[in-house]
Amino acid sequence: MKGLLKNIGFIALFLSILAVSAVAQIADKKSLTLEGARTVIAAAKNYAVQNKAPGGVIAVVDDGGNLVALERLDGTFSAGANISIGKAKTAVMFKRPTKAFEDIIKNGRTAMVALPDFTPLQGGVPISVDGQIIGGVGVSGAMSAQQDEELAIAGAESLSNRKTSAVSFFDSRSVSDAFSKGAVLLGDEKGENYQVHASRREKSGLVEVHELDTDIIYVLGGTATIVTGGKSLESKQVAANEFRGSSVDGGETPNLKKGDVLVMPKGTPHWFKQVDGAFLYYVVKVR
């Protein structure tokens, strides 16, 4: 009996060692989601708008070189899609910006062009988060090869520059100052997936449509009438994924007052049609 118990104990110890060994051989791996790919594209588009870049194609692939998302801006030549995908795949498969290979070939190592699935053209950049390459972004069709790369870098950095979450504290005076003029309390446009606005309105505004942001509104004071849904009239693009219009056809018109909460899904037209005095409200933008 003692021998049997001894053997059982040995087997249990052996199995526990195997289990620990198996766990030690498994590493946590970050992966690129569709939402992450859309964030990369949005950042590249925003850079294009800010720098008055012409049309282009932005392609995002995962760490295996598989296409996750692609967007073709107006005016881009038809071959741009395949070229941008090739740049993104080359950057992630070789873990280097594609400009490096273009320079190598220019310096005489022309044999590299014979490699399969290889696009040695400037404009492809790996996407890395916490030291792990999770995908790649490729751009084709901007004003120049250098601008292709600039757009790609802007897109990649929207994820690469994300920092570990930290506690943020704003004292009452800072919050009051923010509401006195209307200001962003937390978050920016360089890759954060949320923003917190201390918003203030004293009159009606334009119709707003945010293609990527869901707005969560909490009213602190004042009253206003907002039109939600319907169709935005005379809508014009003012920035990447942002549109403004003159009025709304249809929709609903809830009256907002202190304590009310309104959740505005992305892509929904909304218009502060009437504002009575100072209207103060928090807006949390979630992407």
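The numbers here are math on the coordinates, done by the rules we state, and not lab data. The structure displayed is predicted, hence computed values, not measured ones. Reconstructed Cβ throughout: ideal geometry from the backbone, glycine too, with neighbour counts over all protein chains shown.
Compute and list, largest first, the equivalent-ellipsoid semi-axes of the stretch 194-256 from the alpha carbon gyration tensor, each √(5λ) rounded to a whole angstrom. Please report the intermediate quantities before stating the final value.
Details: eigenvalues 76, 53, 24 Å².
Value: 19, 16, 11 Å, ordered largest first.
Quick check: net charge around ALA224, other residues with Cβ under 9 Å of its Cβ, Lys/Arg +1 and Asp/Glu -1? Let's see the in-between values first.
On the way: positive: ARG201, LYS257, LYS273; negative: ASP276.
Net charge in that neighbourhood comes out at +2.
Per 10 Å bin, what percent of the C-alpha pairs of the stretch 139-287 does each bin hold, from zero upward?
In whole percents, the pair-distance histogram is 11, 33, 32, 18, 6, 0.
Among LEU159, LEU206, rank each residue by its count of other Cβ atoms within 10 Å, from fewest to most, as a rough exposure measure. Could you put the intermediate results ahead of the total?
Details: LEU159 23, LEU206 17.
Fewest-to-most Cβ neighbours within 10 Å comes out as LEU206, LEU159.
Can you compute the modelled spin-label distance between LEU34 and GLU211, with each label point 7 Å from Cα toward Cβ, in nm?
Distance between the two pseudo-spin positions: 1.7 nm.
Under a Cβ-Cβ cut-off of 14 Å, what is the net charge of the residues other than THR119 that fall near it, where Lys and Arg count +1 and Asp and Glu count -1? Numbers along the way, then the final one.
Values: positive: LYS87, LYS89, ARG96, LYS99; negative: GLU102, ASP117, ASP148, GLU149.
Net of charged neighbours comes to 0.
Sort VAL167, VAL139, VAL284, VAL184 by Cβ crowding within 10 Å, fewest neighbours at the top. Please list the in-between numbers first.
Working: VAL167 4, VAL139 34, VAL284 18, VAL184 15.
So the ranking, lowest neighbour count to highest, is VAL167, VAL184, VAL284, VAL139.
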